[in-house]
Amino acid sequence: MISNRPSNIDDKRLRFDSFGKSSNEIFKDKKSRLPAMGWNSWNAFGSGNTEELTKAMAKKIKDLGLDKLGYKYVVLDDGCYRPERVEGRLQPDEVKFPSGFRSLADYIHSLDLKFGMYNDIGTKLCSGAEVGIYGYEKVDCEDYIRWDIDFIKVDNCYYMWDNATFADPTNAKYSYAPNIRGIAIDGEFKSAVKDAKITGTRAEIKDDYVTFIGTFDGTAPDHTPVGIRSSELIFEIESDKDRETDITVSYATGEEEGVGQWLQVAVGDEIFFDDMLPVTDSVTAFTDSAPIKISLKKGKNSIRIMNHRRQENTLHSYAEIKNELINAGGDKDIVFSICEWGKTQPQDWGHKVGDSWRILNDITFQVGADGDHGTAAWESDYTTSITSQYNKAVIMDEFAGPDKGWNDPDMLVIGMDGINETMNRSHMAMWCMLNSPLMLGMDLRRVEAGDFIHTLISDKDLIALDQDILGVQAKRIFTTYKCDAPDKEYIRNNKRIDVLAKPLADGSIALGFFNLDKAERNDNISISVDDIIAGIGHRMADSESFLKADSYTVRDLISKEEYNSTDRRFGIGNIAACDCKVYRITPAS
Amino acid sequence: MTTEEFIRDLCAAAGEDTEGVFLRGRREGWLEAEDELFATRSIARKNIARILHMYLLKVKKKPDLKNIDPAHELKDLYDCRICANHVAQIYCRGIMHARNLMRDGQFLWFDLEGESDDNEASEFIRRTLEI
């Protein structure tokens, strides 16, 4: 069941060249849906979650009326399984979940809530439990259907075909092409440096060869998700007729980030080679490959030297699980939450199989335990903060939508230590503007009806933005940080205010001003109706009516004040540290 | 040192009964099922950190340090999203130290998958129980 090499990918719909095609190309019945809402055990209890705690959370969701607001999914994260299979099958940790998963699912369903579980495309879960789904897709999905799940989150630790967390670092050999010095075709050597074109921004020239042919690792907040993320090396070859010929590739292999062993050779969209090359002595010990037969067409041909397997393998692994869930469960409605932490640019391919995809590593590593709230942060150098996640998600609006799926900047950290009420409020408003899944991550037993946390997570005005049926993620239309394209530029300097605009189904828009700075700011920012139309008009339900309105009803979604305005500009004068102002602006009549 | 030996040494140093420790530890929330199931395997440093951190939290009732910034100098801290907090808490409390790969101290790492010898492990236990 465990293979020693990535699967052959015979289905073109799983290939890089198909990533931009329709979301339901592979799974015809993939549902259009809004971001999932619920509770996940990880931020609250880490590996220490139990059946008793989960039941208490489900009951509290009902008691607080959170289910009526949309919080439906109760999801068990890592730490719930016995760490070794029994006769090849998953089992619950018998101390933490003594009644078993089906019994817990039945309890959660009896409350009219939905039940979610967790696994991992690798050989182990992130906790180290030796029950990853790799090689067990069929039996595990049968069990998930038997346990009556409605949601599955699938992680990426110990993955066989990438240098993912805990995986063998040398797995990078599958993720990158070798270093390439050139190709020989028709008896002529073509230099990778002088005669070829590099696409994207990942690959680079080093001495007389090209390296980093592949895609970025997006786990850390180092690289923008926008633009062409994968590099290829393209040789343009003229042919006077249709013909077959051989090429040899001058290459040197490695097994580290940037230099691999797996090569793909295509002409146009037809792949002629997709396999490992023999190992060389070092990453600069170049040798010639065996001849690779290709077909050329009369006229100009693009010979593509590439390796898109980092993305294709991961998509293939997730698709296999989705496929087995369908095989076992038919049309059972199961939300599929991809959690590969943005590593393989899932914004490109996640829509083909998943309902959401994590965009970065975790929002916090200081998770709680029973009796400990855990700790979150407003900002950090890594992914572990509200603004780290926001800064990437805010430029990813074009990837999201009901027919595609949702960017997932991780679970809410509301209620954890380390962030004050203002930060919590802005966090909730950000996630709602960004159409993020809203998964609570706190011990709900500490929440009382009407207290600050309950009021915030129950804010119908903000939830309505997240769950608006138009399903358009807010776009950043202005920032005080100097940049040319506020909707595209990856900005990590938090000394700024962002303005986000979000079209809504009833023809209104939400306009959010977010002070990322940990200091009060006094920038006078004024956004006109024309600015809004220029930024999001193409995605608005009725931009014409909005543009031509004589007046607007403006509802401050934070203070809950509402007023009519004939002013065609909306702005702020000053804003407290880490605070936000969010308005719902509706054209009158 | 195996996981079982480490847990027994911890119990012995703490004056706790080693009888039934695996079940007791799981119920108290400071041991995981894998500790019992894989008890005879060598214990990795990340698992020493996990057990000691959870022992502090669940048995000694010592709340987590909120500021784990000093642990950010560990190059491999975030290689392990599950054990990052365990490692950070134990490192910031001075219970386990980094391993230094370069003479100038510029590359500190925790060595998550590495092992510690018996003397080191005893010292980690002693420091934990002193807190």
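So if I average 1/r over every pair of distinct C-alpha atoms in segment A:47-186 and take the inverse, what Kirkwood radius in Å does that give?
On the way: mean 1/r = 0.0596 Å⁻¹.
Hydrodynamic radius (Kirkwood, Cα only) of segment A:47-186 equals 16.8 Å.
Could you work out, residue by residue across B:72-82, how many beta carbons of other chains sit within 10 Å of that residue's beta carbon, and then give the average as an integer?
On the way: counts 4, 0, 0, 0, 0, 2, 9, 3, 6, 17, 16.
Partner Cβ neighbours, averaged per residue: 5.
Based on the alpha carbon coordinates of segment B:3-130, what radius of gyration and maximum Cα-Cα distance (Dmax) apply, in Å?
14.2, 46
Rounding to the nearest 20 debye, state how big the charge dipole of segment B:3-130 is about its Cα centre with +1 on each Lys and Arg Cβ and -1 on each Asp and Glu Cβ.
Dipole of segment B:3-130, to the nearest 20 debye: 580 debye.
Of the beta bridges DSSP finds with both residues in the protein assembly as shown, what % are antiparallel, to the nearest 5?
On the way: 80 of 106 bridges.
Taking every DSSP beta bridge with both residues in the protein assembly as shown, the antiparallel ones total about 75 percent.
When the C-alpha atoms of segment B:25-89 are aligned to their principal axes, what extent does each axis show, in angstrom, from largest down?
That gives 33, 26, 14 Å along the principal axes, largest extent first.
With bins 10 Å wide starting at 0, give me the P(r) of segment B:4-59 over every alpha carbon pair, in whole percents.
Calculated over all Cα pairs of segment B:4-59, the distribution is 25, 65, 10 percent.
Cβ under 15 Å from B:ASP64's Cβ, B:ASP64 left aside: what net charge do those residues give with Lys, Arg +1 and Asp, Glu -1? Could you put the intermediate results ahead of the total?
Details: positive: B:ARG50, B:LYS58, B:LYS60, B:LYS61, B:LYS62, B:LYS66, B:ARG93; negative: A:ASP370, A:ASP372, A:ASP417, A:ASP443, B:ASP69.
With Lys, Arg at +1 and Asp, Glu at -1, the net is +2.
From Cα pairs below 8 angstrom and at least 6 apart in sequence, can you work out the relative contact order of chain B, rounded to a whole percent?
28
For the protein assembly as shown, build the charge dipole from Cβ charges (+1 Lys, Arg; -1 Asp, Glu) around the Cα centre, then report which of A:SER47, A:ASN171, A:LEU547 sits farthest towards its positive end.
Towards the positive end, the residue furthest out is A:LEU547.
Dividing the convex hull volume of the Cα atoms of segment A:367-484 by its residue count, what figure in Å³ per residue is obtained? If you can, show how the numbers build up before the last one.
Details: hull volume 14.6 nm³, N = 118.
Per residue, the Cα convex hull of segment A:367-484 comes to 124 Å³.
Quick one: A:MET428, A:MET411, fewest Cβ neighbours within 10 Å first, how do they rank?
Details: A:MET428 22, A:MET411 28.
Starting with the residue having the fewest Cβ neighbours, the order is A:MET428, A:MET411.
At q = 0.21, 0.28 Å⁻¹, what is the log10 ratio I(q)/I(0) for segment A:295-368, with the Debye formula run over Cα points and no solvent?
Those come out to -0.93, -1.25, one per q.
Can you list the residues, at least 5 places off or on another chain, whose amide H is less than 5 Å from the amide H of A:GLY116, using H built in the peptide plane?
Here A:VAL74, A:VAL75, A:LEU76, A:ASP150 satisfy the definition.
List the GluC sites (Glu not before Pro) in segment B:65-131 that DSSP assigns to loop (not H, G, I, E or B) and whose Cβ has at most 16 other Cβ atoms within 10 Å. Which are they?
Details: sites: B:GLU73, B:GLU113, B:GLU115, B:GLU120, B:GLU123, B:GLU130; in loops: B:GLU113, B:GLU115.
Hits after loop and neighbour filter: B:GLU113, B:GLU115.
Using only Cα atoms, figure out Rg for segment A:177-306 and give it as a multiple of 2.2 N^0.38 Å.
Numbers: Rg = 14.5 Å, N = 130, 2.2 N^0.38 = 14.0 Å.
Against the compact-globule rule of thumb, the ratio is 1.04.
What is the sum of charges, Lys and Arg at +1 and Asp and Glu at -1, for the other residues whose Cβ falls under 12 Å from the Cβ of A:ASP517? Please report the intermediate quantities before stating the final value.
Values: positive: A:LYS495, A:ARG496, A:LYS518, A:ARG521; negative: A:GLU379, A:ASP498, A:GLU520, A:ASP523, A:ASP579.
So the environment of A:ASP517 carries a net charge of -1.
In which sequence would A:ARG181, A:ARG310 go, from the one with the fewest C-beta neighbours within 10 Å to the one with the most?
Numbers: A:ARG181 21, A:ARG310 28.
Fewest-to-most ranking of A:ARG181, A:ARG310: A:ARG181, A:ARG310.
Any idea what the alpha-carbon Rg over 2.2 N^0.38 Å comes to for segment A:453-526?
Numbers: Rg = 14.0 Å, N = 74, 2.2 N^0.38 = 11.3 Å.
It is 1.24.
Work out the charge dipole of segment B:3-130 with +1 on the Cβ of Lys and Arg and -1 on the Cβ of Asp and Glu about the Cα centre, then indicate which of B:CYS11, B:LEU31, B:PRO70 is farthest towards its positive end.
It is B:PRO70.
With charges set only on the Cβ (+1 for Lys and Arg, -1 for Asp and Glu), what does the dipole of segment A:177-306 come to about its Cα centre, in debye to the nearest 20?
Here the size comes out at about 420 debye.
Length gain on complete extension for the stretch A:GLU236 to A:GLU188, per 0.36 nm per residue less the alpha carbon to alpha carbon distance? Working shown, then result.
Working: separation 48, 0.36 × 48 = 17.28 nm, distance 1.35 nm.
Length gained between A:GLU236 and A:GLU188: 15.9 nm.
What's the exposure ranking of A:LYS322, A:LYS62, A:LYS482, going from fewest to most Cβ atoms within 10 Å? Don't skip to the answer; put the middle values down first.
Working: A:LYS322 22, A:LYS62 14, A:LYS482 9.
Exposure proxy ranking, most exposed first: A:LYS482, A:LYS62, A:LYS322.
Set the Förster radius R0 to 30 Å, insert the Cβ-Cβ distance between A:ASN493 and A:GLU421 as r into 1/(1 + (r/R0)^6), and round the FRET efficiency to 0.05.
Numbers: r = 25 Å, r/R0 = 0.82.
For R0 = 30 Å, the calculated efficiency reads 0.75.
Using the structure shown, select from A:LYS206/A:LYS392; A:LYS206/A:LYS298; A:LYS96/B:LYS46; A:LYS55/A:LYS153; A:LYS352/A:LYS488 the pairs with a Cα to Cα distance greater than 27 angstrom. Intermediate values should be presented prior to the final figure.
On the way: A:LYS206/A:LYS392 29 Å; A:LYS206/A:LYS298 33 Å; A:LYS96/B:LYS46 22 Å; A:LYS55/A:LYS153 19 Å; A:LYS352/A:LYS488 23 Å.
Correct reply: A:LYS206/A:LYS392; A:LYS206/A:LYS298.
So between B:ARG27 and B:ASP118, what do we pick up on full extension, going 0.36 nm a residue minus the alpha carbon distance? Show your work: numbers first, answer last.
Values: separation 91, 0.36 × 91 = 32.76 nm, distance 2.70 nm.
Here the answer is 30.1 nm.
Quantify how strongly other chains surround peptide A:121-128 by giving the mean number of their Cβ atoms within 10 Å of each of its Cβ atoms. Walk me through the numbers on the way to the answer.
Numbers: counts 0, 0, 0, 0, 1, 4, 7, 10.
For peptide A:121-128, the averaged partner shielding equals 3.
Give the Debye-formula value of log10 I(q)/I(0) at each listed q (0.12, 0.18, 0.28 Å⁻¹), with one equal scatterer per alpha carbon of segment A:395-454, two decimals each.
-0.34, -0.68, -1.23
Along the charge dipole of segment A:369-431, Cβ charges K/R +1 and D/E -1, which of A:ASN424, A:SER385, A:PRO402 sits furthest on the positive end?
After comparing all options, I get A:PRO402.
How big is the Cα convex hull of segment A:475-587 in projection, averaged over all directions, in nm²? Walk me through the numbers on the way to the answer.
Values: hull surface 26.9 nm².
Computed as one quarter of the Cα hull surface, the answer is 6.7 nm².
Determine the calculated [θ] at 222 nm for chain A from helices alone, applying -39500 (n - 2.57) to every DSSP H run no shorter than 4 residues and normalising by the residue count; nearest 500 deg cm²/dmol. Present the calculation step by step, with values, prior to reporting the outcome.
On the way: 13 runs with 115 residues, N = 589.
Theoretical 222 nm ellipticity from helices: -5500 deg cm²/dmol.
What's the magnitude of the charge dipole for the protein assembly as shown around its Cα centre, counting Lys and Arg as +1 and Asp and Glu as -1 at the beta-carbon? Answer in Debye, nearest 20.
On the way: 91 positive and 122 negative charges, 268 e Å.
The calculation lands at about 1280 debye.
When the C-alpha atoms of the protein assembly as shown are aligned to their principal axes, what extent does each axis show, in angstrom, from largest down?
79, 77, 57
Sequence gap at least 6, Cα distance under 8 Å: using those rules, report the relative contact order of chain A to the nearest whole percent. Mind dumping the intermediate values first?
Values: 1451 pairs, mean separation 74.7, N = 589.
Relative contact order comes out at 13 percent.
Quickly work out the A:ASP530-to-A:ASN8 label distance, labels modelled 7 Å from Cα along the C-beta direction, and quote it in nm with one decimal.
Between A:ASN8 and A:ASP530, the label points sit 6.1 nm apart.
Just the Cα atoms of segment A:56-133: what Rg and Dmax do they give in Å?
Both quantities, over Cα of segment A:56-133: 14.0, 42 Å.
Every number in this text was worked out from the coordinates using simple rules, so none of it is lab data. Since the structure is predicted, the reported quantities are computational estimates derived from the model, not experimental observations. Neighbour counts run over all protein chains shown; Cβ positions are idealised from the backbone, glycine included.
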